[in-house]
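Q: Let me begin by handing over the structure; questions about it come next.
The values are calculated or read from the model by the stated rules, or taken from the named source; none is laboratory data. Everything quoted here is computed from the prediction, not taken from an experiment. Neighbour counts run over all protein chains shown; Cβ positions are idealised from the backbone, glycine included. Quick note on the areas: whole protein, heavy atoms, side chains included, nothing else; ligands and nucleic acids left out. Shrake-Rupley method; radii C 1.70, N 1.55, O 1.52, S 1.80 Å.
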Amino acid sequence: MAYRLKHKDSSVGDAVRRIADEQIGKALASIEGTDRAGAVHDVRKRCKKLRGLIRLVRPAFGGYKDENAAFREIAGMISGARDAKVMQDTYDLLMEDYAGQVDRSSLGPIRRRFTMDRKERIKDGGVEDHLAEARTRLVEARERARGWKLDEDGWDAVAGGLEKTYGRALTASENARKCPDGETFHELRKRVKYHWYHCRLLENLWPDMMATENLWPDMMATRKAAAKQLSDILGDHHDLEMFAQTLGGQPDAFGSSADVEVAIGLARARQERLEEQAWPILDRMLAQEPEVLGEHFEALWTVWRKHG
C-alpha cells in the first residue's frame, strides 16, 4: 500500500493506476469515518499526493490536465474548514515561539476570533455537504483512474515529469531569492512539495540499506528527508503569510490596532527565521541542473530494474 513504484508492477502505468486507487480508497475511507476535521485534512492530503503522482508522468499522460483540475477542485471545495483551523493553530504556535516575550492576554482577541470563525464554519453544515460532494467526485475519479493509459513506459514515462518539476523548483528558488515575498515563497513551497512526492514515488531506486542490512544511508532517503523538511518549513512560512494577511486585511475584527500590529510583526520575524533555515537545505537539494539530476536518476532506474 506504499506510495511508491514497485519492482513487481508490470508497467509504470500499472503502478500509477495502483497508487491512484490506493490513495482514493484511503480518502473515501476517511470520509466514511466520524472525525470530520480529520477527514477534511486527509482528503486534501490525498488529493495533493494524487496530483504529485500524475505530475510525475505528465508528458506521457494525456489526461493530466483534466485529472489535475479535478483533484484540485475536490481539495478546494473543503478548504474553508481547514483554513480556519490552520489560522488557529498558527496563532498557538506563534505564541509558543514567543512565550515569555509578549503579553499573550493582550493578543487574546485574535485567538478568540479565529476560534469563532472555525465554529461558525462547522455550524453552517457546509463541511458535511462538501465532504459528501467530495465523496461523489472521488468515486467518479477512482473509476476513471482504473482506465488511465500512458503513452510511454519505463524511464521514459517518468523522466519528463521528474525533470520538469525539479526544474520548476529550481526556478522558484531563484525567484524567491530575488524577490523574497509571500507569493514567491508559496510557489517555491508547491514545487518543493511536488519534488518530495516524486522522491517518495521513486524511493525504491535506491533502497534503504540502513533499514534492511545496516550498511549505509541511502541517497533517496536523504533527498526525501530534505524535501520533507523544506516542505514543512515553507508550509509554516505560508501559514504565517496567510495569518499576517488575514489580520492586516480586517484589523478591527481582531482587537486593537496596536496589538494586531504586534502579532503581524511576530509573524514576519518568524518568517525571516524560517527563510534562514530553508536556504542551506534548498541550495544543497537544488545543486544539480535538471538534466544532470535526470541522468543520475535514470542510472539508478537501470540498476533498480536489473537487480530489483
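Q: Kindly provide the set of residues from the range 113-161 that are part of a helix (DSSP H, G or I), touching a Gly at 6+ places or on another chain (Cβ under 9 Å), over 16 Å from A27 (Cβ atoms) and open to solvent by 90 Å² or more (accessible area, probe 1.4 Å), ordered by number.
A: R121
Q: Among the residues in the range 4-25, are any at pLDDT below 95, surrounded by 14 or more Cβ atoms within 10 Å (Cβ to Cβ) and either of a type in the set (D, E, K, R) or not in a helix (DSSP H, G or I) (or both)?
A: Taking every residue of the range 4-25 in turn, none turns out to be at pLDDT below 95, surrounded by 14 or more Cβ atoms within 10 Å (Cβ to Cβ) and either of a type in the set (D, E, K, R) or not in a helix (DSSP H, G or I) (or both).
Q: If you don't mind, another one. Scan the range 68-77 and give yes if some residue there is open to solvent by less than 20 Å² (accessible area, probe 1.4 Å) and either within 21 Å of K149 (Cα to Cα) or acidic (D, E) (or both), otherwise no.
A: Yes, the range 68-77 contains at least one residue that is open to solvent by less than 20 Å² (accessible area, probe 1.4 Å) and either within 21 Å of K149 (Cα to Cα) or acidic (D, E) (or both).
Q: Tell me which of these A299 doesn't satisfy, since it passes every other one: (1) modelled with pLDDT under 95; (2) on the phi < 0 side of the Ramachandran plot.
A: Result: A299 fails condition (1) only.
Q: State which residue pairs qualify: first residue under 11 Å from C47 (Cα atoms) and inside the range 67-80, second residue in a helix (DSSP H, G or I) and open to solvent by 10 Å² or more (accessible area, probe 1.4 Å) in any location, beta carbons under 6 Å apart, and separation of 6 or more residues or different chains.
A: From the range 67-80, the pairs are N68/R51; F71/R51; I74/R137; A75/R44.
Q: Residues in the range 201-208: is at least one modelled with pLDDT of 95 or more and either more than 30 Å from L107 (Cα to Cα) or open to solvent by 60 Å² or more (accessible area, probe 1.4 Å) (or both)?
A: Scanning the range 201-208 turns up at least one residue that is modelled with pLDDT of 95 or more and either more than 30 Å from L107 (Cα to Cα) or open to solvent by 60 Å² or more (accessible area, probe 1.4 Å) (or both).
Q: Let me ask something additional. Being among the hydrophobic types (A, V, I, L, M, F, W, C) and open to solvent by 40 Å² or more (accessible area, probe 1.4 Å): is that true of L93 here?
A: So L93 fits the description; yes.
Q: Going by the structure shown, is G52 surrounded by fewer than 16 Cβ atoms within 10 Å (Cβ to Cβ) and not hydrophobic (A, V, I, L, M, F, W, C)?
A: no
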